[in-house]
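**Student:** Attaching a single structure in structure tokens format; questions to follow.
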Amino acid sequence: MRTYVVAGGTNGMGRGLTLHFLHRGDHVTVVGSDPARGRRFLDEAAALGAADRAAFLRADLTSAAENVRVIKEIRARHDALDGLVCTAIRVFSRRVETPDGYEATFALYYVSRFLLAYGLADLLERGQNPVIVNICGVGVTKGRIHWDDLSLKRGYGSIKAMLQGGRATDLLGVAYALNHPDARTRYLLHHPGFTDSGTDNLKQPAKTVIKLLARLAAQPVDKAIAPIVELMDDPPGKGGLLAYDRRRPLEPSLPTLDPAAARRLYDLTSHLLPSDFRDSYSG
């Protein structure tokens with residue numbers, strides 16, 4: 001029996017992984033912003049006879065303060081974790097700035113995953129075979145970090161924001177491994193490929209276009225999560241960074257996994273880590 005936290009676990013691949021864990025007898029805490037989906041998750045857990053192994057934490061993960069609250073609640077509930085799965089992502093058709101001053105895509109795709117990974121690092125180190133899973137676009141080389149305009153105040157576009165978030169979360173995995181050279185926890189960057197994960201957060205006409213493409217070309221969620229489950233259950237090596245496109249390992253020499261850029265981004269955002277998490281990272 002293992003214990004997992006799934007950020008974004010009420011929909012798409014996050015939900016698929018959550019139900020997989022519950023089916024096999026694990027404990028799962030799901031973090032999400034939609035209370036209706038949270039209730040659905042708890043109802044599904046109860047139908048599986050897993051009500052005592054499921055918990056839902058409602059939070060807006062675009063907010064650094066909300067991430068910190070979630071981390072503190074998880075730390076109060078658990079002494080150890082076997083896995084943290086980060087899947088939460090949303091397309092913002094217009095630029096939204098968070099209370100922390102970040103563009104919302106960057107806040108959800110990068111800052112939230114940054115805070116959760118570092119804030120729960122010590123609990124993960126006490127797990128049986130711990131893994132952080134960051135479902136992302138690793139292996140994609142389009143897009144870049146806009147170092148002089150991380151919040152995209154100049155020339156915002158939703159695709160531009162998503163690509164920057166993807167490149168930032170690639171660097172997050174690299175920096176985490178650099179900052180934890182002796183850790184037992186593996187950090188897995190995983191590109192699942194085109195998956196039919198739902199279109200609820202999209203607006204028209206993009207919603208209709210993506211729904212049509214999904215019918216024609218997307219893989220189902222159960223197929224997309226299979227390689228992730230395999231890697232979580234039997235991760236190679238003794239720690240450090242893993243990067244996979246489906247079942248294919250990626251070379252660490254990819255330009256999007258540059259250690260110098262990873263350190264630079266970490267240095268730009270490390271101030272977000274509260275002082276009481278300092279035992280969870282070594283920056």
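The values are calculated or read from the model by the stated rules, or taken from the named source; none is laboratory data. The model shown is predicted, which means the values in this text are computed figures rather than measured ones. Positions of Cβ are backbone-derived with ideal geometry, glycine not excepted, and every protein chain shown enters the neighbour counts.
**Student:** Any chance region 133-154 includes a residue that's at pLDDT 95 or above, under 26 Å from L81 (Cα atoms) and among the small types (G, A, S)?
**Tutor:** Looking for residues that are at pLDDT 95 or above, under 26 Å from L81 (Cα atoms) and among the small types (G, A, S), one finds at least one in region 133-154, hence yes.
A quick yes/no check of all residues on (1) outside any helix (DSSP H, G or I); (2) within 16 Å of the chain's Cα centre (by Cα); (3) over 28 Å from V28 (Cα atoms):
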site	(1), (2), (3)
Q128	yes, no, no
V140	yes, no, yes
L150	yes, no, yes
L163	no, yes, yes
A175	no, yes, no
P181	yes, no, no
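**Student:** What number of residues within region 46-86 satisfy the criterion of being touching a residue at least 12 places away in the same chain (Cβ under 8 Å), farther than 23 Å from P130 by Cβ and either among the small types (G, A, S) or out of contact with any helix residue (DSSP H, G or I) (no Cβ under 7 Å at 6 or more places or on another chain) (or both)?
**Tutor:** Total meeting the criteria: 3.
**Student:** Cβ-Cβ distance below 6 Å, separation of 6 or more or different chains: which pairs start in region 139-150 with a residue that is under 22 Å from P192 (Cα atoms) and end on one that is in a loop (DSSP other than H, G, I, E, B)?
**Tutor:** G139/L250
**Student:** Go through region 242-272 residue by residue and tally those that are farther than 18 Å from Y109 by Cβ and either touching a Phe, Trp or Tyr at 6+ places or on another chain (Cβ under 8 Å) or of a type in the set (G, A, S) (or both).
**Tutor:** Number of matching residues: 4.
**Student:** Show me the strands (runs of 3 or more DSSP E) entirely contained within region 1-61 in which 1 or more residues are hydroxyl-bearing (S, T, Y) and either at pLDDT 95 or above or in contact with a His (Cβ under 9 Å, 6 or more places away or on another chain) (or both).
**Tutor:** 3-7, 27-32
**Student:** Further question on the same structure: Inside region 64-97, can you point out the residues that are of a type in the set (K, R) and closer than 19 Å to L272 by Cα?
**Tutor:** Residues satisfying the conditions are R69, K72, R75.
**Student:** Please go through region 70-119 and pick out each residue that is in contact with a Lys or Arg (Cβ under 6 Å, 6 or more places away or on another chain), assigned to a loop (DSSP other than H, G, I, E, B) and within 18 Å of H190 (Cα to Cα).
**Tutor:** The answer is D82, and nothing else.
**Student:** Only one of these is modelled with pLDDT under 80, over 24 Å from L84 (Cα atoms) and touching a strand residue (DSSP E or B) at 6+ places or on another chain (Cβ under 9 Å): A218, A214, A206. Name it. First the steps, then the outcome.
**Tutor:** Numbers: A218 fails: modelled with pLDDT under 80; A206 fails: touching a strand residue (DSSP E or B) at 6+ places or on another chain (Cβ under 9 Å).
Result: A214 is the single residue among A218, A214, A206 that is modelled with pLDDT under 80, over 24 Å from L84 (Cα atoms) and touching a strand residue (DSSP E or B) at 6+ places or on another chain (Cβ under 9 Å).
**Student:** Only one residue in R58, R69, R75 is closer than 17 Å to A121 by Cβ and either loosely packed, with under 14 Cβ neighbours inside 10 Å or of a type in the set (D, E, K, R) (or both). Which one?
**Tutor:** Working: R58 fails: closer than 17 Å to A121 by Cβ; R69 fails: closer than 17 Å to A121 by Cβ.
Answer to the check: R75.
**Student:** Ok, one more. Answer with yes or no whether D122 is outside any strand (DSSP E or B), charged (D, E, K, R) and crowded, with 23+ Cβ neighbours inside 10 Å.
**Tutor:** It is false that D122 is outside any strand (DSSP E or B), charged (D, E, K, R) and crowded, with 23+ Cβ neighbours inside 10 Å.
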